[in-house]
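The structure appears below as C-alpha cells.
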Amino acid sequence: KAEAEAVLDGAYGYGIGPVLFKPTLTTGNQTFRTTREGALAYFVGGNPKYPKDGGFALKGWRKCEIQNAAVLINGNTATTTGNV
C-alpha cells in the first residue's frame, strides 16, 4: 500500500485537485476515480467503499501490449489514447 501511495503522489495530481482517471477494469457508478482514495482502492483494494476493487497492481502482471490510437504532443506533455 505504501508503494502505491508513493506512486500516486508522484505520478498523479491528487494533491492539486480532482484527477481525470478512468481505470482499465472499472464499470458502473465507480468507473472514474477523481480522488486519491478511489485510485488507491483500485490499485491495492481493501477499501469497503469500493467493494469490487481487488487490487489491479496485485494481479501479478507479466506483460502488456499497448496499441495507441493517437498521440498528442504539446510541449513537454504527451497524451495518448488507445488499448492496453
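Each reported figure results from applying straightforward, stated rules to the coordinates on display, with no laboratory input. Everything quoted here is computed from the prediction, not taken from an experiment. Neighbour counts run over all protein chains shown; Cβ positions are idealised from the backbone, glycine included.
For the chain, give the magnitude of the charge dipole about the Cα centre (Cβ charges: +1 Lys/Arg, -1 Asp/Glu; no others), in debye to the nearest 20. Don't jump to the answer; show the numbers that get you there.
Values: 9 positive and 6 negative charges, 48 e Å.
Result for the chain is approximately 220 debye, rounded to the nearest 20.
For the chain, compute Rg over Rh where Rg is the Cα radius of gyration and Rh is the Kirkwood radius from the inverse mean 1/r over Cα pairs.
Numbers: Rg = 13.8 Å, Rh = 14.2 Å.
Taking Rg over the Kirkwood Rh, I get 0.98.
For segment 1-76, which chymotrypsin sites (Phe, Trp or Tyr not before Pro) are both in a DSSP coil and crowded by at most 11 other Cβ atoms within 10 Å?
Numbers: sites: Tyr12, Tyr14, Phe21, Phe32, Tyr42, Phe43, Phe56, Trp61; in loops: Tyr12, Tyr14, Phe21, Phe32, Trp61.
Hits after loop and neighbour filter: Trp61.
Under a point spin-label approximation (7 Å from Cα along Cα-to-Cβ), what is the Lys22-Lys52 distance to one decimal in nm?
Result: 1.5 nm between the two label points.
When only Cα pairs under 8 Å and 6 or more residues apart are kept, what is the percent relative contact order across the chain? Before the final figure, lay out each step's value.
Numbers: 97 pairs, mean separation 14.3, N = 84.
Reported as a whole number, the value is 17 percent.
Once you put a point 7 Å from the Cα of Glu65 and another 7 Å from the Cα of Lys1, both along the Cβ direction, what distance in nm separates them?
3.7 nm
Just going by the charge dipole of the chain, with Lys and Arg at +1 and Asp and Glu at -1 on Cβ, which of Asn74, Leu40, Tyr12 is farthest out on the positive end?
Leu40
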